[in-house]
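The values are calculated or read from the model by the stated rules, or taken from the named source; none is laboratory data. Only a predicted model underlies this, so the values are computations on that prediction, with no experimental measurement involved. Glycine gets a Cβ as well: all are built from the backbone with ideal geometry, and neighbour counts include every protein chain shown.
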């Protein structure tokens, strides 16, 4: 059996799960607008990356495929950067930076980059800020484990409801 999880799912489980479980859905207009800003600023790299992750729990080992599509990949002066783009609207900038940095770190793990950047674009002020981070392998593995654990728990919960 193949086990799969995407970077988007991991981010959802780490940061947005309670809202989703309460029935909240991001309005389609907001999703379209975010997509438009990604296109406008060139954060639309289409390639999907995947890598295997060894998940161990209670003596069991499973190999999971982790997949994702970074917003942009650039090479500048011989340095490979993975870029994550976030629009800032109503959530605090610090929260969006945390989410973006977690996502960028996971994409850096997928791609094999030692550096990643998070771009925050404030829709109201039309200002862009760039933050550069070093890849944190320990955090990436911890976040992937937590995402997989949450996905497995949700699956067991849904099966009990049937």
Residues located in segment 100-120, provided they are outside any strand (DSSP E or B) and surrounded by fewer than 18 Cβ atoms within 10 Å (Cβ to Cβ): 112, 114
Given (1) closer than 26 Å to residue 31 by Cα; (2) modelled with pLDDT of 95 or more; (3) not in a strand (DSSP E or B), number of the condition residue 141 does not satisfy: (1)
Any pair with Cβ under 9 angstrom, 6 or more apart, that starts in segment 92-111 at a residue that is without any contact (Cβ under 8 Å) to a residue 40 or more places away in the chain and on the phi > 0 side of the Ramachandran plot and ends at one that is assigned to a helix (DSSP H, G or I) and crowded, with 24+ Cβ neighbours inside 10 Å: none
Test: residue in segment 55-64 that is in contact with a strand residue (DSSP E or B) (Cβ under 7 Å, 6 or more places away or on another chain), in contact (Cβ under 8 Å) with a residue 40 or more places away in the chain, over 29 Å from residue 125 (Cβ atoms) and surrounded by fewer than 17 Cβ atoms within 10 Å (Cβ to Cβ): yes
Condition check for residue 84: within 15 Å of the chain's Cα centre (by Cα), loosely packed, with under 14 Cβ neighbours inside 10 Å and within 25 Å of residue 18 (Cα to Cα): no
Elements of type strands (runs of 3 or more DSSP E) contained in segment 1-92, each with 1 or more residues being over 24 Å from residue 116 (Cα atoms) and out of contact with any helix residue (DSSP H, G or I) (no Cβ under 7 Å at 6 or more places or on another chain): 3-6, 49-57, 60-68
Residue count for segment 5-46, restricted to those that are under 30 Å from residue 153 (Cα atoms) and surrounded by fewer than 12 Cβ atoms within 10 Å (Cβ to Cβ): 10
Sole exception among (1) at pLDDT 95 or above; (2) exposed (fewer than 15 other Cβ atoms within 10 Å of the Cβ); (3) closer than 30 Å to residue 36 by Cβ; (4) touching a helix residue (DSSP H, G or I) at 6+ places or on another chain (Cβ under 9 Å) for residue 123, by number: (1)
